[in-house]
Structure formats: C-alpha cells, structure tokens
Amino acid sequence: MGKYWSFFKMRLMAGLQYRAAALAGMSTQLVWGAMEILLYRAFWLESPERFPMGMEALSSYIWLQQAFLALFAMWNWEFDIVESVKTGTVAYELLRPTDIYSMWMARSIANRLARASLRMVPVIAVGILIPAPYGLRLSVSPAVFGLFLLSTALMVLVVCAYSLLVYALTFYLTDPNGIMVVSVAAADLLSGAIVPLPFMPEGFRRFAELTPFASMQNVPLRIFNGNISLSEIPGAMGLQAFWAVTLISAGYLLTRNGLRRAVILGG
C-alpha cells in the first residue's frame, strides 16, 4: 500500500506546481459561473414557478460545480497513460513490483485533487461574497455537509474508475480518440454538467439517474443545495457506491486481460 501512497503524493505535488494554469482556469470558471447564473436568472424571472429548484439552490449548484470542476470534468484526461499504451512504453511500468491499475488509480485521484485544490477556494470565496439568491449559500446542517463530503469522495472514485475504464479500452483499440470523445459527451449530458438533471424531461431524468454519470457531480451538488431530500440521500449514495465498485471491477478486469494479450514490439 505504501508504494501507491508514494505514487499519489508524487502526482499530487507535481500537479500543485501548475499555478499559472490554475489561475487561468479559475478566472474562466468564475466568468462561466456568472454567465450561467445570469442565463438562468432570465428564465427564473420569467416564470419562477416552473423551476424545479429555487434560484438560490441553483446558484449554489453552479458555484460548487465551477469550484470542483477539476474533480469531475471527464475531459481531464491523463494523456500520458493513453500514449504509454499506444506506444508500448507501458512495458516499463510492468517492470515495477506494482499493480498497474492501482497505480493509475492513485495517479488519477491525485491529479484531480491537485487541480481542484488550486482553484476551489477562490471560486468558493467569490460565490460566498455574491448576495442571495445568486451566491453560494452556506446554510447547510453539519449532517448534510458531512454527507456532501462523503458523496464527493464517492464521486471522485466513480469519475476516476470511469476514466480508467476508458484507458483500459485503449488496449483493445487502434485509436482511442473516438471512445474518448463519446465518453466525454455522454458524461457531460447525463451527469448534469450542461444542464442540471432536475431540469431535464422526467423520463430522460429517470434514465440518467440510473446511469453511472448521475453518480458523478449530480449527487453531491444536489445534496449540498437541498434538492435531494434526506430520505433520498441513502439511495443516491448507495447507487454511487454500486457504480464505484462496478466500474473499478470492470476496469481492473479489462486492464488485466489487456496486459495478458498485449504484444509489445521493439529492441
């Protein structure tokens, strides 16, 4: 276990070095969050009774979405992993006395935590300073906040496991670009990244909530803003745990089988 903790710390420290990129990303997320809130505000002022969540809850959803974007953005790939499989340099990783899937998981979690930690505090601070109902509300009970943190941890596992599943498919594909594009599009649509799931048509929303994508940003953000009631939280988090275990198992088996059938050429 110690060696995977070392991989985690090394990747985390490396990710914390990119402060200029974090500053640029933070600025983009602040502007994008403000634009989204202004857009929804126009519709909310026109007919607030048709909104499935209040403007204050929606604003909290958007500010937290921007603050933790690096944790669940599916386009946040580690292309060096994909390239190592395509070029065959993954063979060097096989020389280490480690499980390659566990190493990739440690790296992926550290990479996302590093990027998020550099950006989330300023975005949250700005969201708190904006007056209601367009700012980030902090009126949540300690119990709900604890459930939000636990749900966020499960979300990170689901996101990383989904990413590693795509990396594992690289062993079976000549060019993984197609599956990477499709996986990002599906995640953005079904996880509530483009439009929060409560705003989707009823049938589509029910379908999306059964997929692993709804166990990503949708669950923790809606727990925080109160859109998922206390009675519904156990079921939502149970589904998160189910998808985390399922995706990790599928990714591990695909990776192990891919390594067995891989043929690496070279001198």
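Among (1) among the small types (G, A, S); (2) more than 13 Å from the chain's Cα centre (by Cα); (3) closer than 23 Å to L39 by Cα, where does S191 come up short?
(2)
From (1) within 19 Å of the chain's Cα centre (by Cα); (2) assigned to a loop (DSSP other than H, G, I, E, B), pick out the condition that doesn't hold for L138.
Failing condition for L138: (1).
Restricted to the stretch 88-118, and to residues that are surrounded by fewer than 19 Cβ atoms within 10 Å (Cβ to Cβ), of a type in the set (S, T, N, Q) and within 24 Å of the chain's Cα centre (by Cα), which residue is nearest to A168 (Cα to Cα)?
Residue satisfying both the conditions and the ranking: S102.
For residues in the stretch 42-98 being among the hydroxyl-bearing types (S, T, Y), assigned to a helix (DSSP H, G or I) and at pLDDT below 85, which is nearest to F145 (Cα to Cα)?
S84
Over 18 Å from N227 (Cα atoms) and within 15 Å of the chain's Cα centre (by Cα): is that true of V158 in this structure?
yes
Tally the residues that are assigned to a loop (DSSP other than H, G, I, E, B) and either open to solvent by 20 Å² or more (accessible area, probe 1.4 Å) or without any contact (Cβ under 8 Å) to a residue 60 or more places away in the chain (or both), restricting the search to the stretch 193-239.
Of the residues in the stretch 193-239, 13 are assigned to a loop (DSSP other than H, G, I, E, B) and either open to solvent by 20 Å² or more (accessible area, probe 1.4 Å) or without any contact (Cβ under 8 Å) to a residue 60 or more places away in the chain (or both).
Looking at (1) loosely packed, with under 14 Cβ neighbours inside 10 Å; (2) closer than 23 Å to P122 by Cα; (3) among the aliphatic types (A, V, I, L, M), can you tell me which one V140 breaks?
So the condition that V140 fails would be (1).
One residue is enough: does the stretch 248-266 have a residue meeting the conditions within 24 Å of L150 (Cα to Cα), exposed (fewer than 15 other Cβ atoms within 10 Å of the Cβ) and either at pLDDT below 90 or touching a helix residue (DSSP H, G or I) at 6+ places or on another chain (Cβ under 7 Å) (or both)?
no
Search the stretch 1-41 for residues being of a type in the set (K, R) and modelled with pLDDT under 65, and hand back the single one that is farthest from the chain's Cα centre (by Cα).
Selected residue: K3.
Of all residues in the stretch 125-137, how many are buried (at least 16 other Cβ atoms within 10 Å of the Cβ) and within 16 Å of M35 (Cα to Cα)?
6
The values are calculated or read from the model by the stated rules, or taken from the named source; none is laboratory data. On a predicted model such as this, the values are computed, not experimentally measured, just so you know. Reconstructed Cβ throughout: ideal geometry from the backbone, glycine too, with neighbour counts over all protein chains shown. Side chains included, ligands, DNA and RNA excluded: accessible areas come from the protein's heavy atoms. Shrake-Rupley method; radii C 1.70, N 1.55, O 1.52, S 1.80 Å.
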